[in-house]
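Notes to accompany the following structure.
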Amino acid sequence: MDGMKKSYRGSKIYVHKKKGEADETLVNLYKDSEYAKENKTPKEELNNEDVDEDISAFINDEEDKVKEVDVPVKKSVKAKHKKEAAKEKQKATIKKTIGKIVLAIILVAVVVLGALYLFMPNLKEAISGKVEFTEAKADEIYYSPLTGLETTNKDIATAGTTCVMIENSTDARPQSGLTEAGVVYEAIAEGGITRFMAVYQEAKPALVGPIRSARQTFVEASRQYQCSYLHVGGATNAINTLKTAGYRNFDGGWHEGKYVFRSNNNSHRNALPSMPRRYAPHNVYTSFDYIDKFNYSSGFTNSTFTGFTRIQPDYRTPVAEIDARTIKISVSSNYYNPVYVYDEANNRYLRSHMTGGAHMNLNANGTQTQIAPTVVVAMKVNAIARSSEPKYKDYVTTGSNEVYVFQDGTYTVGKWVRNSVTDPLKFYDNNNEEIKLNRGQVWITMYPSGTGGVSFTK
């Protein structure tokens, strides 16, 4: 038996027949095929030999038709699968992105809620209405140990201080930097001419002067502030004291043109153009830009001292108790004797000279401001002969003596006490209670016992 192997529509066809017999199956297929009709061969005229003879052409034709149909179908299916796969991939990407966003939102929510619970422990109860929120804690308040004034600087308690000797002769007026000082000491230098020592901590004026020489009275007064002591020269005993332990000597005479400047010197005026044009010895000026540079280079950046005991900021003496509106302090002559008039609206004392005219401060911008401390103190002091120059006198700043304290338009009589040069100056009333001072600038005038005095009117 011979075997014929053919293909029909992609399937393998095996036909087994005896030798010499036609393939009845193929004959029947062939007779009914489009191929036979196209070749116009009548069905009844076909015999097995014709079919067997032409069967290969028939099957090849059928295979070609299958290919023509199958190929585009296969491509369409692949495209469809590819498109569906792309859609599935896009859906997966979207789901993944949404998942990431949701996760991020959850993480942020956890962090925020954690922070709220950490800093607001009563959040849960507050939301449910069980408790009320408390006021947020106010920022911590700091006070200057020098002025007692409020500040946001938490380091103010140990900030470096500077004491500057400022002249008060008539040729030196108006001075600069006096209104910004926290405390000002006033005493006779020589010949009845007074001099000032201005103490600074938080305030840093852009113009200070005219700067003059050191005196023992002021050197000893400066010791309690642990300040750098700025002067230009000085009496021999004062210079010798500044060389001893505990003092911070800042002699501007050694640093002329670097930290201090002469107002009549054109090259110096380039550094401080706002200096008034004056001549020696009334022409030495500086600013805190230069003072700070000196203090920093010298290591004088911190100071530890005890300031005056201050009244609480909200306290104010009743107006009905005002009994000292005008104050006169006799120090030497009327050129140097100060007069204060109480400024009730601003709770301060406007300073003038007994010869007439307001005592003004020349500001760095060229304007002038009347000096007006918050507290006025008049201290009686004893005079002693200067050890290095017996014909001159210094004033004792240690021990105890009479004091008048003026604030809020009122006065208190008592005593000042300072046990040593390293101890702070304190004031006590006649009941031995410490006198607390208003916050702000304190102006201390030392008047000599026996020749000086204090008077005031309501």
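Worth a mention:
- Residue match in segment 395-418 (condition: loosely packed, with under 14 Cβ neighbours inside 10 Å and not in a strand (DSSP E or B)): no
- Of all the numbered requirements in (1) crowded, with 22+ Cβ neighbours inside 10 Å; (2) under 20 Å from Ser387 (Cβ atoms); (3) touching a Phe, Trp or Tyr at 6+ places or on another chain (Cβ under 9 Å), Leu230 misses one, and that requirement is (2).
- Residue check for Gly440: in a loop (DSSP other than H, G, I, E, B), on the phi > 0 side of the Ramachandran plot, surrounded by 15 or more Cβ atoms within 10 Å (Cβ to Cβ) and within 34 Å of the chain's Cα centre (by Cα): yes
- Criterion: crowded, with 18+ Cβ neighbours inside 10 Å and either at pLDDT below 95 or in contact with a helix residue (DSSP H, G or I) (Cβ under 8 Å, 6 or more places away or on another chain) (or both) - qualifying residue of Val284, Val319: Val284
- Residue in segment 302-311 that is more than 30 Å from Ser449 (Cα to Cα) and surrounded by 13 or more Cβ atoms within 10 Å (Cβ to Cβ) present: yes
- Matching residues, segment 347-366, being assigned to a strand (DSSP E or B) and either under 21 Å from Ser332 (Cβ atoms) or among the charged types (D, E, K, R) (or both): Arg348, Tyr349, Arg351, Ser352, His353, Ala358, Met360
- Subset of segment 368-408 [among the polar types (S, T, N, Q) and under 17 Å from Ala187 (Cα atoms)]: Asn382, Thr397, Thr398, Ser400, Asn401
- Members of segment 422-437 found to be part of a strand (DSSP E or B) and of a type outside the set (D, E, K, R), listed by number: Phe427, Tyr428, Leu437
- Residue pairs meeting the criteria (Cβ under 6 Å; at least 6 apart or on separate chains; first on the phi < 0 side of the Ramachandran plot, in segment 154-166; second part of a helix (DSSP H, G or I) and buried (at least 21 other Cβ atoms within 10 Å of the Cβ)): Gly160/Asn295; Thr161/Tyr225; Thr162/Ile291; Cys163/Ser222
- Residue within segment 214-227 that is of a type in the set (Val, Ile, Thr) and under 31 Å from the mean Cα position of the chain (by Cα) present: no
The values are calculated or read from the model by the stated rules, or taken from the named source; none is laboratory data. Computed from a predicted model, the values in this text were never measured in an experiment. Quick reminder, even Gly has a Cβ in these numbers, built from the backbone with ideal geometry, and neighbours come from all protein chains shown.
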